Structures are given as C-alpha cells and as structure tokens.
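I have placed the structure first, in the form of structure tokens, so that the comments after it can refer back to it.
The values are calculated or read from the model by the stated rules, or taken from the named source; none is laboratory data. All values derive from a computational prediction rather than experimental measurement. With ideal geometry, Cβ positions are generated from the backbone for all residues, glycine too; neighbour counts draw on all protein chains shown. In case anyone asks, the SASA skips ligands and DNA or RNA and just uses the protein heavy atoms, side chains included. Shrake-Rupley method; radii C 1.70, N 1.55, O 1.52, S 1.80 Å.
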Amino acid sequence: MKQATSDVGDLVARRPAGQSLEAPFYVGEEFFDLDIEAVFARSWLFVAAEAELPEPGDYVTVDLGSYSIIVVRDDDEDVRAFHNVCRHRGARILNEERGSVGNIVCGYHRWTYGVDGKLLYAESQAPGFDPSCFGLRSVHARTVAGLVFICLAQEPPEDFDEVAARIAPYLAPHRLAEAKVATQIDLVENGNWKLTMENNRECYHCVGHPELQACYFPIYGYQEKDIPPALRPAYERFLLADAEARRTYDSLGLPYAEIEELDTRPTGFRIQREPLDLAGESYTPDGTAACTRLLADFPTARLGRLSMHIQPNSWFHFMADHAITFSVIPLGPDRTLVRTTWLVHADAVEGIDYDLDTMTKVWKATNDQDAVLVARAHRGISSPAYLPGPYGPTEEQVEAFVNWYVTRLKAHLERRS
Ligand code: 3BY
Ligand code: FES
C-alpha cells in the first residue's frame, strides 16, 4: 500500500508539462480513488441547474465514488446539500436520482429529517435522546445565477466567492433561476472522466463534429497568426460578426470580455461571450433560435453564445433562447456520466415555442460523437504500448485542465504526507 502511494506520488511529481498523462492516471483504480478524494471531494462542483429543483422538497442525488449527496430545495426555497447517509445506522436514505419529498425519510427505521436536514422524528428512543445531535451532515451548497454548486470539503476553496462575483454578471441576464428544464440527457461514456474533460477543452477534433462545427466560424480554435490562407474569407466574416456582436453586447450592457484563469486558481474557470456562425442565434442546424420565447426580454436572439468552463467537471453554453449545461461525474476509472440539460424560459411551451428535436440536434450529435472519441482514447491508452503524446497550440486548454488537475493532486498529497 505504501509502495503504491509512493508510485502515485512519483507519477504526479514527474508529470512533464505539455503532454498527456501517463496511463495509470486514466486507467488505474488508485487514481480513480485519488481523483475522488483530491479533486471531487475538495473542489466546487457544478451538479444541477436550479430549474431541476423548482419547488421545496425537490431533490437530486449525486453519487461521487463512495459518497452520495442529496441536493434539495428547502422550505425557504434555498438549495441545500446533505450527505445521503442516515444518522441512525448509516443507511443510504434517498435511492432515486431525483424526486420530491415532504420530509427526508430513511427507509430502514423511518428516521425522518426535514428538508433543512434536522432530525424531526425517531421512534422509540431512550430517554435523553437529543434529536438535535442527529441532523444530516451538511455539504456546502451555493447557487450562482441559477446554477447549483456543491463542495464536500469542510473548508471549500476560498476563491469561489470571487469567481461567483465575476461570472454572475455574465450569467444573470439569461435569468436561469427562472428557467425550466426542456430536457435532460444522461450519457455514460466508456472512458475516464479526464478524457471526457480533455476532449471538451479542445476543438482540434471538431472535424468529427459536422453539426457543431457548422455553428462555429471556421477559424474557431486558431490563434490569429496561425489562420491558414484558405480561411481568410471566413476570418473576414468572423471579424464583421464579432464587431456587430460587440456593438450589440455594449448596447445591452452584456459583459463579453474573455476571462481565462483555468489553472491559476483552485476554482479554475473561463468565460467569454462571442458570436456564432450561420444565423448566429443558437446551436441549431441553421443557427436560428430553437425557442421563440427567449430566456429574457432580449431585443434580439442574435447574441451568439456565452461560453463558460469551470474546473473540474463542467462547461456551459448560454444563448438568447436557451442554455445548455454539462456536468461530468466519474462513475469508475473507465466510465463517466455526462449529464446535459437544456433550459428554456419557464413559460415556453414545447411544440409551440420550441421543438425539442431541433433544440437538441446539434449537441445530441456532438455528445454521441464525443462518446465514441472518449471510448477510443480510453481503449488506446489501456494498451501497454501507450506513451504520452504532445499537446499542440490548439490544445492549450487541455494542458490548462491537466495542469490544474495535477496541481490539485500535488496539494492533496502534500496535505496527506
Ligand atoms: O463545449 C465547448 O466549449 C467545446 C467547443 C468545441 C469543443 N468543445 C465541444
Ligand atoms: Fe436510517 Fe435506521 S438506518 S433509520
């Protein structure tokens, strides 16, 4: 065991910048456990949209390694989180992925907790039993402009307040706290969660995403100096659209400046508002809005996309007409849940204001294509012949993700030693 720990320590310590990780990071049980403890149990994690919990008592459960967490809206309409572990003899209390409860009742001996976590009822206890000592163990929960984040650490990363304050002005205009879920799709990818994240952080592979690629300007992902001559006309088109978009953003008071602090802080993030190609309104086959009832009273649907990445497990696209959230949950060394949620205005009516198939077409196809690529990467890395390979200039955000991750592991191993 000691030997194994030092192997892990060696692998972490010797990771060279600028290339993919050595195989055990992706395929080993040890790294899976370490990732849960060092990354998922210590970072702020995006786990749900507030729209998934519209009413008091609505809950979702989130399983992370051996942990299970209940995220619930309480009677004061605040979102709270608790460990899904009964304070009597430890049974897992809520066994569904989501639902709605009046109280949180353990199915074993009926200990009953309020949605604020307080123990309300425990039958046949000895005199002197003090229910106030047996409330559910709480987990830190925060909402930011309609997005729910939790942190399992007793002392969560302190920079989250600052990150929340910086992203909230970008997100708030989309009024996500008042939105509703149009649909949600869970996809299990047959690969390590880091391969899912790495894949999201680059568009080097985007030729494999014809539907998505059509929504982006063909220069997407290039540094200006690297744009090939054949893409000059596309670049000119982008510059015009970009200038128009900036005028629109300025006139509506929508922040758009890129902030990229992906690996320089515990809550690494990136945010930017930018135009989309085609009709420029949304991720649809022709780029027009998928929902005629916009998320807010925007005077135009042509707002492109607000893109946000938060380490370790999420990315987002906010358009004028709908928003899409992506939350990544590791299920095992080679299995990863990608939960995609499409949000629309609460009063938008399916079949009248939006057609689900049109709204989900681009990202459903993209997710399915990504699942194939992630599985392929995992299979290749599982071969004894795998050697780490170099990240190119278009994979800067992959390096930022991996660097952020390795920094978290180092900090954890230091704390442990
Ligand atoms: O979701 C994203 O932001 C990026 C865009 C291209 C690759 N990945 C899907
Ligand atoms: Fe929950 Fe006994 S373990 S009531």
Conditions (1) within 16 Å of ligand 1 (Cβ to nearest atom); (2) more than 30 Å from S382 (Cα to Cα): number failed by P228: (1)
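Being open to solvent by less than 60 Å² (accessible area, probe 1.4 Å), away from ligand 2 (no atom under 16 Å from the Cβ), β-branched (V, I, T) and outside any helix (DSSP H, G or I) is true for just one of T248, T183. Which residue is that?
Details: T248 fails: outside any helix (DSSP H, G or I).
None of the other options fit; the residue is T183.
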Residue among R265, R270, R339 that is of a type outside the set (S, T, Y), surrounded by fewer than 18 Cβ atoms within 10 Å (Cβ to Cβ) and more than 17 Å from D242 (Cβ to Cβ): R265
Flag if F40 is touching a residue at least 24 places away in the same chain (Cβ under 8 Å), within 16 Å of ligand 1 (Cβ to nearest atom) and under 27 Å from F316 (Cβ atoms): no
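From the list E50, E77, E97, E30, pick out the single residue that is touching a Gly at 6+ places or on another chain (Cβ under 6 Å), in contact (Cβ under 8 Å) with a residue 12 or more places away in the chain and not β-branched (V, I, T). Spell out how you get there, then give the answer.
Working: E77 fails: touching a Gly at 6+ places or on another chain (Cβ under 6 Å); E97 fails: touching a Gly at 6+ places or on another chain (Cβ under 6 Å); E30 fails: touching a Gly at 6+ places or on another chain (Cβ under 6 Å).
Matching residue, one of E50, E77, E97, E30: E50.
Quick check on my filter: what residues within segment 35-79 are part of a helix (DSSP H, G or I) and either open to solvent by 10 Å² or more (accessible area, probe 1.4 Å) or out of contact with any His (no Cβ under 9 Å at 6 or more places or on another chain) (or both)?
Of the residues in segment 35-79, the ones part of a helix (DSSP H, G or I) are 35-40, 50-52.
Across segment 35-79, the qualifying residues are D35, I36, E37, F40, E50, A51, E52.
Let's see how each residue does on (1) open to solvent by 10 Å² or more (accessible area, probe 1.4 Å); (2) more than 16 Å from ligand 1 (Cβ to nearest atom):
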| position | (1), (2) |
| --- | --- |
| H322 | no, no |
| D334 | yes, yes |
| D347 | yes, yes |
| M359 | no, yes |
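I need a count of the residues in segment 302-316 that are out of contact with any Asp or Glu (no Cβ under 8 Å at 6 or more places or on another chain) and either among the aromatic types (F, W, Y) or open to solvent by 10 Å² or more (accessible area, probe 1.4 Å) (or both). Don't jump to the end; show me each part of the working.
Quick first cut of segment 302-316, residues out of contact with any Asp or Glu (no Cβ under 8 Å at 6 or more places or on another chain) only: 306, 308-310, 312-316.
Those still in the list that are either among the aromatic types (F, W, Y) or open to solvent by 10 Å² or more (accessible area, probe 1.4 Å) (or both) too: 309, 315-316.
Residues in segment 302-316 being out of contact with any Asp or Glu (no Cβ under 8 Å at 6 or more places or on another chain) and either among the aromatic types (F, W, Y) or open to solvent by 10 Å² or more (accessible area, probe 1.4 Å) (or both): 3 in total.
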Neighbours by Cβ (under 6 Å, 6+ apart or cross-chain): first from segment 351-373, closer than 19 Å to T196 by Cβ; second more than 14 Å from ligand 1 (Cβ to nearest atom) and among the hydroxyl-bearing types (S, T, Y): none
Search result, residues across segment 195-209 that are outside any loop (DSSP other than H, G, I, E, B), within 8 Å of ligand 1 (Cβ to nearest atom) and closer than 13 Å to Y391 by Cβ: N199
V207 being closer than 30 Å to N403 by Cα and open to solvent by 90 Å² or more (accessible area, probe 1.4 Å): yes
Condition check for D130: without any contact (Cβ under 8 Å) to a residue 12 or more places away in the chain and not polar (S, T, N, Q): yes
Where a residue in segment 314-341 is over 18 Å from D368 (Cα atoms) and its partner, wherever it lies, is more than 15 Å from ligand 1 (Cβ to nearest atom) and among the basic types (K, R), with Cβ under 8 Å and at least six apart: A320/R302; D321/R293
Test: residue in segment 147-168 that is open to solvent by 60 Å² or more (accessible area, probe 1.4 Å), within 16 Å of ligand 2 (Cβ to nearest atom) and farther than 30 Å from C291 by Cα: no
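Residues of segment 97-145 being among the hydroxyl-bearing types (S, T, Y) and touching a helix residue (DSSP H, G or I) at 6+ places or on another chain (Cβ under 9 Å), which ones? Steps first, answer last, please.
We begin by selecting, within segment 97-145, every residue among the hydroxyl-bearing types (S, T, Y); these are 100, 108, 112-113, 121, 124, 132, 138, 143.
Y121, T143, listed by residue number.
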